[in-house]
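The values are calculated or read from the model by the stated rules, or taken from the named source; none is laboratory data. Just so you know, these numbers come straight off a predicted model, no measurement behind them. Virtual Cβ from ideal backbone geometry, glycine too; neighbours counted across all protein chains shown.
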Amino acid sequence: MNAIHPSVSSETSINEMKSEIKTLESAQRPLDPNAEQRTRIRNKVVNYSESFLLNQARESVYFNSEENAAKLLDSPISEEPIEIETVLDLLDSSVIKTGLNTSSPGYMAYVPSGGLYHSSLADYLAAVTNRYAGVSFASPGAVKMERMLIKWLSNIVGYPESAEGDLTSGGSIANLSAIVTAREAMELKARDIETSVVYLSEQTHHCLEKALRIAGLGECIVQYIALDDAFRMRPDLLEAAIKRDRKNGLNPWLIVATAGTTDTGSIDPLERLADIASRYDLWFHVDGAYGGAFALCDEGKRILKGLEKSDSTVIDPHKGFFLPYGTGVVLVKEGRKLHQAHAYDAHYMQDKETLITTGEFSPADLSPELSRHFRGLRLWLPLKLAGTAPFKAALKEKILLTRYFHEQIQEIEGIETGPYPDLSITTFRYIPKRGSANRFNEKLMESIRNHGKVFLSSTQINSSFVIRCAILSFRTHLEHVEEALDIIKTELEKLK
Ligand SMILES: *Cc1c(COP(=O)(O)O)cnc(C)c1O
């Protein structure tokens, strides 16, 4: 007999075992609170959320409080439970009131995320019902919901019926899936990698190089195509590079364009790049993690013309559709290519063959994941409860607010702006009469932050320190942009 599994032989030991099982059953009872207990903890959580939301307008956008976060460690994970009140206090002081308040209307840094309330309720429902959204037979409804959302998103992009996609945890993973799909579709083998060429720009998001490395393509040759004055990839230089590389016996295979770069929100000339990709037979991927969602509104659709010509694209609903962090999407025009790159089978999954009823792809066959969060619900619920019209309005509003900011900030003497915004990111800096502009703008940036009501971020463009204003939160409106302008003016006067 195997020593780690002692045999249960006598009557007494069976009874002992049953009694121990019953003891364990009562010991784990706190894992499944009853209706009364649920009401008590739920009310506390709901009350906390309500006071969080009601205080947003007054709340600071930045909590400079490393020490408070460290206090979390004073309450180690232990055998003993603690009360919900204590837990919420701890959460509030050590987590929520530390660092960036990304839910604030004054948060105009990096690429703002959303946090639609409807999605929080969807997450709640998804977790309470805990539906398995990985394969069709386990929850045909959950899978249908995801397929429907993928179709809706494909339509926004302008992809045909053949398109497929996957709801991911974010844009980085979605880009990774697209790169893997491109690799498989272009039949790139290990022996080809060192002579195969990928075309990016200096403004390509770093997650694409990360994706290339993770996908085993880190040894591809990367050509960075130079940008025009508005930081968009230059098609003439791209074409010249492809021709040159071909002539040199290399294998150009992938172009990555960006629809909304992180630094300046610039959109590469998608139509012209798509034409080049098709002429030279390269895969054309467009990273629209930030900008893609704008295609929902007419203004955005016009600006993003050409996106429909890509082979694959990425949108981050946790950016442009205002969802809380945790949702990206990859879309592939010829959906079967996404399937071919990700589908697998196993003996223990054999039931899915007999139980399948829908004839649709299951998320697990379009994704690196098997078990997964029931993600569709957090996109579906806000779309159903609010309809798409408010989303369109919000996206157009963000474009106009950014243009307004761009126009107004130029009026301030000594301010130099970056290019006219394509979407909802714009850059500026102050040119002091004497002294280092970089140093001055670093200080300006810091004093705007310390003011506490608006949070901007900065970047380096052609070795210049520039301040970015990125407007994408569904809570950011005209009053907040006016307030940001006022704060910038005030802090500028103080520093001059
Ligand atoms: C945000 C962003 C990413 C990365 O997406 P995550 O959701 O943060 O993983 C990639 N590309 C662009 C252009 C982005 O704005």
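General remarks:
- Just so you know, in the stretch 275-313 the residues that are among the small types (G, A, S) and in a helix (DSSP H, G or I) include one that is nearest to the ligand (Cβ to nearest atom), and it is G292.
- Answer residue from the stretch 338-370, given it is polar (S, T, N, Q) and not in a loop (DSSP other than H, G, I, E, B) and is modelled with the lowest pLDDT among those: T354
- Of all residues making up the stretch 226-253, the number that are more than 20 Å from L304 (Cα to Cα) and among the hydrophobic types (A, V, I, L, M, F, W, C): 7
- Unmet criterion (only one of (1) more than 11 Å from the ligand (Cβ to nearest atom); (2) farther than 20 Å from Q460 by Cβ; (3) of a type outside the set (D, E, K, R)) for I225: (2)
- Test: Y420 is within 16 Å of the ligand (Cβ to nearest atom), over 22 Å from S162 (Cβ atoms) and not aliphatic (A, V, I, L, M): no
- Subset of the stretch 297-354 (residues that are among the acidic types (D, E), within 24 Å of L401 (Cβ to Cβ) and surrounded by fewer than 24 Cβ atoms within 10 Å (Cβ to Cβ)): D298, E299
- Members of the stretch 121-163 that are hydroxyl-bearing (S, T, Y) and within 22 Å of D298 (Cα to Cα): S154, Y159
- Number of positions in the stretch 314-334 that are of a type in the set (K, R), assigned to a loop (DSSP other than H, G, I, E, B) and under 9 Å from the mean Cα position of the chain (by Cα): 0
- Answer residue from the stretch 257-274, given it is surrounded by fewer than 24 Cβ atoms within 10 Å (Cβ to Cβ) and of a type in the set (D, E) and is farthest from the ligand (Cβ to nearest atom) among those: E271
- Just so you know, in the stretch 113-123 the residues that are part of a loop (DSSP other than H, G, I, E, B) and modelled with pLDDT of 95 or more include one that is nearest to the ligand (Cβ to nearest atom), and it is G115.
- Among the residues of the stretch 156-175, just one is buried (at least 24 other Cβ atoms within 10 Å of the Cβ), more than 22 Å from L395 (Cβ to Cβ) and within 16 Å of the ligand (Cβ to nearest atom), namely D166.
- Among (1) within 16 Å of the ligand (Cβ to nearest atom); (2) over 27 Å from D263 (Cβ atoms), the one test that T195 misses: (1)
- Qualifying residue in the stretch 6-25 (condition: closer than 19 Å to L88 by Cβ and of a type outside the set (V, I, T)): no
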